[in-house]
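Reviewing the structure listed below.
Read-outs throughout are calculated quantities, based only on the coordinates presented, and are distinct from any laboratory measurement. What you see is a predicted model, and the numbers here were worked out from it, not measured in a lab. Here the Cβ positions follow ideal geometry from the backbone for every residue, glycine too, while neighbour counts run over all protein chains shown.
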Amino acid sequence: MTVVQALSAFVVAATLFTLLPGLDTAMILRTAAVEGPRRAGLTAIGIICGCLIWGAAVALGLGALLAASAAAFNLLKWAGAAYLVWLGVNLILKPRARIDIAAAGAAPPAGGALTWMRRGLLTNLLNPKVGVFYVSFLPQFLPTGVAPAPFIFLLAVIHAALGLAWSACLIGATRPIAGLLKRASVVRWLDRVTGGVFLGFGVRLALEHR
């Protein structure tokens, strides 16, 4: 398999994987709908940074350790599950009563940008299935005679770029319903439903077998 063939095949496969709805998609949609497009964009950037960190870890061999070590997998699995359950419970028990759509699009206060980026980053990094996926998926597209580490990281960068483009589409799709988000009942419903989704992901992650 040549470099061009490998890259072409990876773009097709990674695009299909990116379009599959998952935890990252739920996080971006909820943030865009309730917190505003700016904060959703920051959350998406955090998620993309998480993908790049996973890609670098796999390229440097840390991903292989995660795949081989049950202790490492279980440690990250339980940390991720606890984080998702915490997010879900808070959204269910403390839903917002209202959201200021205009203010949501304004520049966040000092430290605000890092807050939303950190939320996206932690959501991605504390999901061991992302690391295991990268370990099993990226090496399949490694051409013969190519240095593994830089090429695998290049694949992660391509996947991150696809994720960023898809995140922009998701954020843009929430604008037509901006008027609905001024209703307290809609905001509470969004928070509680999304909290239930996160809670479900957390429980499913905790019960996940390698």
* Structure fact -> The FRET efficiency for residue 157 and residue 79, from their Cβ-Cβ distance with R0 = 22 Å and rounded to 0.05, is 0.30
* Asked: Gain in length, residue 137 to residue 185, computed as 0.36 nm per residue apart minus the alpha-carbon separation, to one decimal in nm?
  -> 13.1 nm
* Structure fact -> Karplus-derived 3J(HN,Hα) from phi for the stretch 159-174 (6.51 cos²θ - 1.76 cosθ + 1.60, θ = phi - 60°), whole Hz, x at Gly and Pro, runs 4, 5, 5, 5, x, 5, 5, 5, 4, 4, 5, 5, 5, x, 6, 7
* When you count, for each residue, the other Cβ atoms within 10 Å and take the mean per peptide, how do 41-53, 5-17, 82-94, 150-162 rank with the highest first? -> 41-53, 150-162, 82-94, 5-17
* Karplus-derived 3J(HN,Hα), 6.51/-1.76/1.60, for each residue of the stretch 116-125, Hz, glycine and proline x -> 6, 5, 5, 4, x, 4, 5, 4, 7, 5
* Quick one: Karplus J couplings for the stretch 141-148, per residue in order, coefficients 6.51, -1.76, 1.60, θ = phi - 60°, nearest Hz, x for Gly and Pro? -> 10, 8, x, 5, x, 9, 4, x
